[in-house]
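The values are calculated or read from the model by the stated rules, or taken from the named source; none is laboratory data. Keep in mind it's a predicted model, so treat the numbers as computed, not measured. Reconstructed Cβ throughout: ideal geometry from the backbone, glycine too, with neighbour counts over all protein chains shown. To get the accessible areas, we keep the full protein, side chains included, count just its heavy atoms, and leave off ligands, DNA and RNA. Shrake-Rupley method; radii C 1.70, N 1.55, O 1.52, S 1.80 Å.
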Amino acid sequence: MKITLVRGDITEQHADAIVNAANSSLLGGGGVDGAIHRKGGPDILAECRALRASSYGRGLPTGQAVATTAGRLNARWVIHTVGPVHSRDEDRSELLASCHREALRVADELGARTVAFPAISTGVYRWPVEDAARIAVETVRATKTSVEEVRFVLFDDPAYEAFAEHAR
Ligand code: AR6
């Protein structure tokens, strides 16, 4: 599996699956989540609501992942995962690693070969991007998967530089 880095907007990417940094409600929010729902259109939200009404009545737990259609995005699926909120008092790194592992596990189940990830938890959830980049890259490298390309799509220069540091 190769790791590639792109600076840009994840909703502009063409990939088999696009990973969403969602929240447990699965019903939308700001950041990447807001952008994906805006650009992907209402079919994504409709499937998220159906998931809440069936398998995830209490929401999607932190560290887990689930797929829906990608609606109008240039992708077949959106894989929603819920990153941990960063904490100074508690080490939640394992949950952030789990997001990456679980997203790849779901991608394998779907047969996705190219998967685009944002820098999960580094926005609203305040995870320092250097540390998030290390966890993301190390976890993806250590995960056994049939995915051929993991593409990290970074929104700004600091995030791009942080991922470049670890992916090189
Ligand atoms: N493409 C790529 N990266 C983006 C984009 C985009 N269009 N927009 C923002 N980023 P965040 P989180 C970057 O806040 O920290 C939502 O409200 C952003 O610069 O989207 O996991 C959810 O509903 C940052 O580096 O996700 C949850 O409530 C990274 O994506 C909560 O935020 C992640 O920022 C999740 O917080």
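Which one, Ala22, Ala50, Ala142, has the greatest fluctuation when you compute a Gaussian network model over the chain with C-alpha springs under 10 angstrom?
With Cα springs under 10 Å in the chain, the top fluctuation among Ala22, Ala50, Ala142 is at Ala142.
If the elastic network links every pair of Cα atoms under 10 Å, which of Val124, Val19, Val32 fluctuates the most in the Gaussian network model of the chain?
Val124
To the nearest 0.05, how large is the calculated FRET efficiency for Ala50 and Arg168 if R₀ is 30 Å and r is the Cβ-Cβ distance? Spell out each step's value before the answer.
On the way: r = 41 Å, r/R0 = 1.38.
So, using R0 = 30 Å, E works out to roughly 0.15.
Could you work out the local net charge near Ser25, counting Lys and Arg as +1, Asp and Glu as -1, over the other residues with Cβ closer than 12 Å to its Cβ? Before the final figure, lay out the partial values.
Details: positive: Arg49, Arg52, Arg58; negative: Asp33.
Value of the local net charge: +2.
Okay, which of the stretch 95-134 sit inside 11 Å, backbone N to the point 7 Å along the Cα-Cβ direction of Arg141?
Within reach of a label on Arg141, which here means backbone N under 11 Å from a point 7 Å along Cα→Cβ, the stretch 95-134 contributes 134.
How large is the accessible surface per residue of the stretch 2-167, computed with a 1.4 Å probe and reported in Å² as a whole number?
Values: 7800 Å² over 166 residues.
On a per-residue basis, the stretch 2-167 sits at 47 Å².
Determine the shape class of the chain: with a ≥ b ≥ c the square roots of the Cα gyration tensor eigenvalues, call it rounded for a/c under 1.5, and otherwise prolate if a/b is greater than b/c, oblate otherwise.
Numbers: a/c = 1.43, a/b = 1.22, b/c = 1.17.
Since a/c stays below 1.5, the shape of the chain is classed as rounded.
For the stretch 2-167, which whole percent of the accessible surface, found with a 1.4 angstrom probe, sits on carbon and sulfur atoms? Show your work: numbers first, answer last.
Values: 3620 of 7800 Å².
Carbon and sulfur atoms account for 46 percent of the accessible area of the stretch 2-167.
Taking Cα pairs under 8 Å and at least six residues apart, what relative contact order does the chain come out at, in percent? Spell out each step's value before the answer.
Working: 354 pairs, mean separation 53.2, N = 168.
Over the chain, the number comes to 32 percent.
Over the stretch 35-114, what is the mean sequence separation of C-alpha contacts under 8 Å (at least six apart), divided by residue count, expressed as relative contact order in percent? Don't jump to the answer; show the numbers that get you there.
Values: 94 pairs, mean separation 21.7, N = 80.
So the answer I get is 27 percent.
Over the chain, with a Gaussian network built from C-alpha contacts below 10 Å, which listed residue (Glu130, Glu94, Glu47) shows the highest mean-square fluctuation?
In the Gaussian network model the winner is Glu94.
Net charge around Gly63, counting only other residues with Cβ within less than 15 Å of its Cβ (Lys, Arg = +1; Asp, Glu = -1)? Write down the numbers at each step before the final one.
On the way: positive: Arg58, Arg92, Arg101, Arg105; negative: Glu90, Asp91, Glu94, Glu102.
In short, 0.
Can you give the FRET efficiency for Leu27 and Asp89, using 1/(1 + (r/R0)^6), R0 = 25 Å, r = Cβ-Cβ distance, to the nearest 0.05? Mind showing how you got there, number by number?
Details: r = 28 Å, r/R0 = 1.14.
Calculated value: 0.30.
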